[in-house]
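Okay, structure first, notes after.
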Amino acid sequence: MKFSWKVFFCTVIVVALAFGTGGYFLISSMFSASLAREQSLAFEENRILRFTFITTLATQPDGIGGATDELLKQIAESMDVEQPRSKMKISVRNDKKQLLYTSENRELDPTLIEKAGTDRCAYQVWRQDGQYFAQTASVILGPDDRVVYLGSYHDITSVFQERDAHFRLFGNTVLVTMLLCSILMFFLSRWLTR
């Protein structure tokens, strides 16, 4: 093999590896930052949901201890109606972990409430029917140990779609760049090794 071909292939391989590795890490870090932002938003939404639910229950004559499943369902429905444009959807389970209310008739992952506690909010990203959701769960504990499980979730499919679009754009950009680089390196390696 001629020396000019060796220079050509070595240069093209080094440039391809540099672009590929750098682009991958750049897109991955942007995706991680977007996902972290969505996680922070999900925690904040659940905190607000929990506060609103506790405040609404406190205004009831019997408080959380005397709240029936029907009352919990009515409160959840009223909270869902108050936010028609919100991306956040809610779900409420009673102390037996039976589903009382959920937005959009979408069943959430019930195992997440096992990870939640009165002092912490549980979080996960899950996929259903080609969509991605950020789901949080928290627990409200009443004075008589009555438990209400609150879940909130919102669609974060756009974050994953953006990542996929960035990878497609990056792949196309690398192909064009490598083609132009290959042509340029072909002539440079010929000129340098004559």
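Overview of values
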read-out	value
Extension gain, GLN60 back to ARG190 (0.36 nm per residue minus Cα-Cα distance, nm)	38.3 nm
Accessible area per residue in Å² at 1.4 Å probe, computed on the chain	60 Å²
Within the chain, helix-based [θ] at 222 nm, where runs of 4 or more DSSP H residues each add -39,500 (n - 2.57), nearest 500	-20500 deg cm²/dmol
Under-5 Å amide H pairs with ILE156, H placed in peptide plane, nonlocal only	TYR132, PHE133, ALA134
Debye log10 I(q)/I(0) at q = 0.20 Å⁻¹ for the chain, Cα point scatterers	-1.29
Most mobile of LEU72, LEU141, LEU180 in a GNM of the chain (Cα contacts under 10 Å)	LEU180
Accessible surface of region 45-194, 1.4 Å probe, proportion on carbon and sulfur as whole %	56 percent
Net lengthening on full extension, LYS96/MET30 (0.36 nm per residue, minus Cα-Cα)	19.7 nm
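The values are calculated or read from the model by the stated rules, or taken from the named source; none is laboratory data. Remember, predicted model here, so these are calculated numbers, not experimental data. When the accessible area is computed, the model is the full protein with side chains, heavy atoms only, and any ligands, DNA or RNA have been set aside. Shrake-Rupley method; radii C 1.70, N 1.55, O 1.52, S 1.80 Å.
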